[in-house]
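Written below as structure tokens is the structure these notes are about.
What follows is calculated from the coordinates using simple rules that are stated; it is not laboratory data. Fair warning: this is a prediction, and the values are worked out from it, not measured in the lab. Cβ atoms come from the backbone with ideal geometry, glycine included; neighbour counts cover every protein chain shown.
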Amino acid sequence: MTRRPLGHLGGLALLAWIAVAQGCSSTSALDVGYPDARSNASLLAAAPPRRVDVAGVADRRSDTERIGTSSKSGKTVVTTRPVPDIVREALLLEIVKNGHAVGTGRPDALIQAEVNDFSLDGVDGFSFMQYVGRVVIGVTVADARSGQRLLSRHYVGIKRSRVEKASEEAGRHVMDAALARALHEFATDPEMVAVLARVGS
Amino acid sequence: MTGDLMAPGLDHWISRLTAVAAILLLALTASGCAPSTTTPAAPPPPVARPAEPTLSVAIVGTGQSQFAVDEPSAQPGRTLDEVLRWYPYGGMLRPLAGVLHRAVNRYFHTDRGRTIDPALPTPPSSIVGQAMARSLRASGRFTEVRVLDGEPTGDGQPADMIVRVTVPTWGVMRVRSGDPDLVSGFVDARALMVARSTGVVVWETEEDVTAPQRLPLESLTRDRDLARQELVGVLERAGHRLASELLYSRSGEL
């Protein structure tokens with residue numbers, strides 16, 4: 001059985017279409033996250049083990065459609081997963097890594113969180129691109145029994161990095177690092193530790 | 001014969017099934033009556049919790065700091081770079097272009113740097129060290145946190161750990177393109193923690209720190225107090241950032 005010439009042409013056409021579609025795509029999607037391997041128990045573990053409920057994270061960004069725009073190509077930069085989901089997963093991971101239980105039994109503390117900023121800026125330089133990633137997370141802790149609000153804080157993570165060539169990988173790395181910094185601020189906040197020690201005692 | 005052999009086995013299985021059914025019924029009833037919120041929680045994962053603090057630390061600001069107003073978009077160099085891309089031997093000329101670009105930048109930077117230099121009364125590394133000390137004290141993870149003016153000598157109570165803080169560069173940097181471009185204060189800080197008894201480096205980090213505020217450069221060149229406030233703010237932020245990373249990475253051992 002011989003291949004039809006149209007099959008070859010069809011294959012070439014498909015390849016060309018993929019190349020054009022990728023080149024002309026107006027969106028660049030970054031798989032931003034907070035990997036398990038990069039988190040560990042820290043100051044937050046100084047509070048006795050608590051049961052914590054984390055509500056859905058509210059998206060309070062001024063622009064919820066994108067995290068940035070590529071300065072050279074004009075592409076819209078987005079995340080592969082919804083930003084509130086990324087932030088909630090990161091918070092849950094940090095809480096559990098510090099020895100507190102999430103979503104089991106009657107909670108001692110309720111955490112409400114919101115994303116105020118989650119953005120990536122690219123600044124063209126001489127022979128390099130400078131990325132600045134910013135993550136601002138608002139966290140409110142309430143006593144689960146009384147409902148009383150105990151603490152309200154904002155955690156800011158900013159990472160900047162210069163690379164020779166602009167790339168999605170470099171942008172993702174910067175956003176990962178900015179998110180990690182915001183989470184480290186959360187996990188090493190002495191007031192957060194004090195509040196968690198107080199609830200349920 | 002067969003029926004005789006089967007009869008005791010059947011009775012046995014029926015009684016076993018009845019017992020299992022009774023247990024299941026009891027369990028279902030109990031769970032149905034119990035309030036859902038009192039479901040026993042899964043035990044939290046075992047975590048090594050920080051012990052009582054036993055270590056004291058002394059922080060020393062050290063080294064030279066260079067103040068810079070860094071605008072990476074300087075057009076002469078960028079344009080030359082773009083031209084060299086199309087020139088066959090552009091790669092060979094690129095180092096020369098870099099030197100030319102830096103010379104142009106230095107001229108502009110020096111000029112702007114003078115305009116917004118906040119003339120701090122203390123070295124930048126000292127401000128970073130003070131802020132780091134405040135954050136470490138607030139954490140409660142050290143028996144004592146001191147800030148020293150210089151390297152520790154034999155006088156006085158020695159600290160268990162010495163943290164040396166340096167700020168190689170700090171200043172103002174363009175962080176968003178636009179009209180006008182927006183700038184932020186920045187600090188590149190390093191910290192090195194050494195065990196005093198052994199001289200072993202137990203922790204070190206390099207942190208790029210950027211102020212959250214973004215302002216037009218002109219607002220800083222016009223208002224000296226605002227510039228000073230922004231730059232001191234980002235230096236203090238750098239101290240807090242160093243403390244946060246120390247506490248995050250070493251809490252289990254402090």
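Straight-line reach from A:LYS165: taking Cα to Cα under 16 Å and skipping same-chain neighbours fewer than 8 places apart, the aspartates and glutamates in range are A:ASP121, A:ASP124, B:ASP81, B:GLU82.
Counting Cβ atoms of other protein chains within 10 Å of each residue's Cβ and taking the mean over peptide A:126-133 gives 6. Counting Cβ atoms of other protein chains within 10 Å of each residue's Cβ and taking the mean over peptide A:36-42 gives 4. Ordering B:HIS240, A:HIS184, A:HIS154 by the number of other Cβ atoms within 10 Å of each residue's own Cβ, fewest first, gives A:HIS154, B:HIS240, A:HIS184.
Hey, can you rank A:43-49, A:63-69 by average C-beta count inside 10 Å, highest first?
Result, highest mean first: A:43-49, A:63-69.
Put a dot 7 Å past the Cα of A:GLU191, heading toward its Cβ, do the same for B:ALA119, and the two dots end up 3.6 nm apart.
If you run the Gaussian network model on chain A, springs between alpha carbon atoms under 10 Å, then out of A:ALA182, A:ALA109, A:ALA144 the most flexible one is A:ALA144. Helix A:168-187 and the longest principal axis of the Cα set of chain A meet at an angle near 0°. Working from Cα pairs under 8 Å separated by at least six residues, relative contact order for chain A is 23 percent. What is the calculated FRET efficiency for A:SER26 to B:LEU55, with r their C-beta to C-beta distance and R₀ = 51 Å, to the nearest 0.05? E(calc), rounded to 0.05, equals 0.40. The mean number of Cβ atoms from other chains found within 10 Å of a Cβ in peptide A:90-98 is 1, as a whole number. Applied to region B:181-193, the Karplus parametrisation 6.51 cos²θ - 1.76 cosθ + 1.60 on θ = phi - 60° returns per-residue 3J(HN,Hα) values of 5, 10, 10, 9, x, 9, 9, 9, 10, 10, 9, 9, 9 Hz, with x for Gly and Pro. In this simple spin-label approximation, B:GLU204 and B:GLN64 carry label points 7 Å from Cα along the Cα→Cβ vector, and these lie 2.0 nm apart.
Each of A:ALA55 and A:THR69 was given a label point 7 Å from its Cα along the Cα-to-Cβ line. The distance between the two points is 3.4 nm.
Can you give the local net charge around B:ASP188? Use residues other than it whose beta-carbon is closer than 12 angstrom to its beta-carbon, Lys and Arg +1, Asp and Glu -1.
Once positives and negatives cancel, what remains is 0.
Amide hydrogen proximity for A:ASP117: with H placed 1.01 Å from N in the peptide plane, the residues at 5 or more positions away or on another chain lying under 5 Å are A:VAL136.
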